[in-house]
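Undergrad: Handing you this structure, nothing more for now.
The values are calculated or read from the model by the stated rules, or taken from the named source; none is laboratory data. Every value quoted in this text rests on a predicted model; they were computed, and no experiment measured them. Cβ: placed from backbone, ideal geometry, glycine included. Neighbour counts: every protein chain shown. The area values use the complete protein model at the heavy-atom level, side chains included, leaving out ligands, DNA and RNA. Shrake-Rupley method; radii C 1.70, N 1.55, O 1.52, S 1.80 Å.
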Amino acid sequence: MTINWKKTLIVTVDVIIAAYLVLAVTAFNRPDEKATVCSEVKIDIAQDKGDGFLNPGEVKRLLERQSLYPLAQPMQFVSTRSIEETLMKSPFVDEAQCYKTQSGHVCIQLRQRLPLLHVMADNGERYYLDDHGDILPATGLTIDLIVATGIISRKYAREVLAPLAITLHDDAFWQNQIVQLNVLGDGTLELVPRVGDHVVYLGAPTDIPQKLDRLRKFYKYGLSHAGWNRYERISVEFGNQIICKKRNQKK
């Protein structure tokens with residue numbers, strides 16, 4: 001078999017030229033990162049179920065404290081990994097992603113841990129429970145949350161209050177109606193509603209969905225006709241019944 005060296009050489013040269021042209025076009029059309037500075041920082045915070053403690057201003061302050069806020073910085077010195085790692089150290093951040101664009105933008109995408117319950121225990125502890133049942137530290141920022149008071153250990157908060165808080169938060173009616181949970185010395189629960197001058201006694205923290213369902217029906221078919229302030233205490237402790245204590249009426 002005779003090799004046509006001339007033809008092989010021509011094909012090889014063509015391939016080299018084509019590769020050079022591709023690299024040259026790519027290089028010429030790619031901005032020089034060394035000559036580019038960050039012209040804009042885009043911060044996107046996901047808001048899936050409600051409000052959290054983070055906002056773009058707070059994210060900016062977190063990065064500035066570590067000298068990592070990238071605006072007006074050369075893009076070659078902007079470390080997306082350092083930005084992500086710094087943000088993930090915040091107890092209020094669940095996920096963090098950061099990337100750079102060829103136009104000189106730095107994009108930061110966050111998913112924050114969503115606080116559902118503000119715990120103010122009798123032992124002086126102050127903290128929040130999030131949508132995963134985890135504890136978040138107290139902060140100077142304020143948002144409208146259900147408050148839990150009484151004799152509350154952290155174990156009780158995680159195992160009992162967190163699931164209840166998620167149940168209340170996921171139902172628009174209860175989210176708007178309940179403003180406070182109170183834990184008594186024996187571990188039983190009371191609810192304080194927004195509408196109606198009464199206290200709801202849940203009893204032991206068991207069969208919560210069934211108790212709330214009975215209470216909802218009583219609100220709809222009972223109190224809506226009898227009057228929201230007629231009773232001072234409503235108990236749904238026992239199955240298939242509701243026990244009400246009338247308010248003392250002054251004569």
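Undergrad: Looking only at segment 194-206, which residues are more than 27 Å from the chain's Cα centre (by Cα) and either at pLDDT 95 or above or more than 22 Å from Leu145 (Cα to Cα) (or both)?
TA: Val199, Val200, Tyr201, Leu202, Gly203, Ala204
Undergrad: Restricting segment 230-251 to residues that are open to solvent by 70 Å² or more (accessible area, probe 1.4 Å) and over 20 Å from Asn182 (Cα atoms), which is modelled with the lowest pLDDT?
TA: Selected residue: Lys251.
Undergrad: Determine which member of the set Pro163, Pro209 is under 23 Å from Val119 (Cβ atoms) and either open to solvent by 80 Å² or more (accessible area, probe 1.4 Å) or at pLDDT below 90 (or both).
TA: That would be Pro209, the only listed residue that is under 23 Å from Val119 (Cβ atoms) and either open to solvent by 80 Å² or more (accessible area, probe 1.4 Å) or at pLDDT below 90 (or both).
Undergrad: Check Glu95, Glu85, Glu64 and return the single one that is free of Cβ contacts under 8 Å to residues at least 24 places away in the same chain, open to solvent by 50 Å² or more (accessible area, probe 1.4 Å) and in a strand (DSSP E or B).
TA: Only one candidate passes the filter, namely Glu95.
Undergrad: Still on this model: Among Leu136, Leu129, Leu110, Leu116, which is the only one that is open to solvent by less than 50 Å² (accessible area, probe 1.4 Å), touching a His at 6+ places or on another chain (Cβ under 7 Å), not in a helix (DSSP H, G or I) and not aromatic (Phe, Trp, Tyr)?
TA: Of the residues listed, the single one that is open to solvent by less than 50 Å² (accessible area, probe 1.4 Å), touching a His at 6+ places or on another chain (Cβ under 7 Å), not in a helix (DSSP H, G or I) and not aromatic (Phe, Trp, Tyr) is Leu116.
Undergrad: Only one of Ile45, Ile108 is at pLDDT below 95 and among the aliphatic types (A, V, I, L, M); which?
TA: Going through Ile45, Ile108 in turn, the sole match is Ile45.
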